[in-house]
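Worksheet: the structure to be examined is printed underneath.
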Amino acid sequence: MTEDQYRKIITDEVQKKIIDEFATIISEKITLKKMVIKGFLWQALRKWQETHEMTILETEKGGGSSPEERIKQASEILDICFNEMRYSVKSEVEALKTGIDEAIQHYTRNYAER
């Protein structure tokens, strides 16, 4: 992603923290560096925003504010990330799946009810 594309991703401080925590969790499972994983996560978030024609902030303010909806959205973003990353870590796909699963569990425990 270019710097300009990163600027188009609309998030708040909590969402930035979530992306950072997801990257930490996933980086503990695979050999890619945390910064590389964060890049994939930001790309996934941007794709999700484009697909839904909304920003995360709009979603937070709108109908997607129930814990179930938040978990669904986080899962969709992580699925996009997995689908992009799996080609970069072919020999570590199972470990990547584990990291993604742990990230969604972390989200469910720590952020779904906010």
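Details
- The set of residues from the range 23-33 being in contact (Cβ under 8 Å) with a residue 12 or more places away in the chain and touching a Ser or Thr at 6+ places or on another chain (Cβ under 8 Å) comprises Lys29, Leu32.
- Scanning the range 89-114 for residues that are outside any helix (DSSP H, G or I) and either surrounded by fewer than 15 Cβ atoms within 10 Å (Cβ to Cβ) or basic (Lys, Arg) (or both) turns up Glu113, Arg114.
- In a residue-by-residue description of the range 11-32, the property of being outside any helix (DSSP H, G or I), more than 16 Å from Glu84 (Cα to Cα) and either touching a Pro at 6+ places or on another chain (Cβ under 9 Å) or at pLDDT below 95 (or both) applies to at least one position.
- Subset of the range 72-114 that is among the polar types (S, T, N, Q) and more than 19 Å from Glu21 (Cβ to Cβ) - its residue that is modelled with the lowest pLDDT: Ser88
- Among residues of the range 80-92 being without any contact (Cβ under 8 Å) to a residue 12 or more places away in the chain and of a type outside the set (Phe, Trp, Tyr), the one that is nearest to Gln43 (Cα to Cα) is Asn83.
- Qualifying residue in the range 52-71 (condition: modelled with pLDDT under 85, of a type outside the set (S, T, N, Q) and in contact with a Ser or Thr (Cβ under 7 Å, 6 or more places away or on another chain)): yes
- Within the range 76-88, the set of residues being within 11 Å of the chain's Cα centre (by Cα) and exposed (fewer than 15 other Cβ atoms within 10 Å of the Cβ) comprises just one member, Asp79.
The values are calculated or read from the model by the stated rules, or taken from the named source; none is laboratory data. The structure presented is a predicted model; accordingly, all values stated were derived computationally and were not measured. Positions of Cβ are generated from backbone atoms using ideal geometry, with glycine treated the same way; all protein chains shown enter the neighbour counts.
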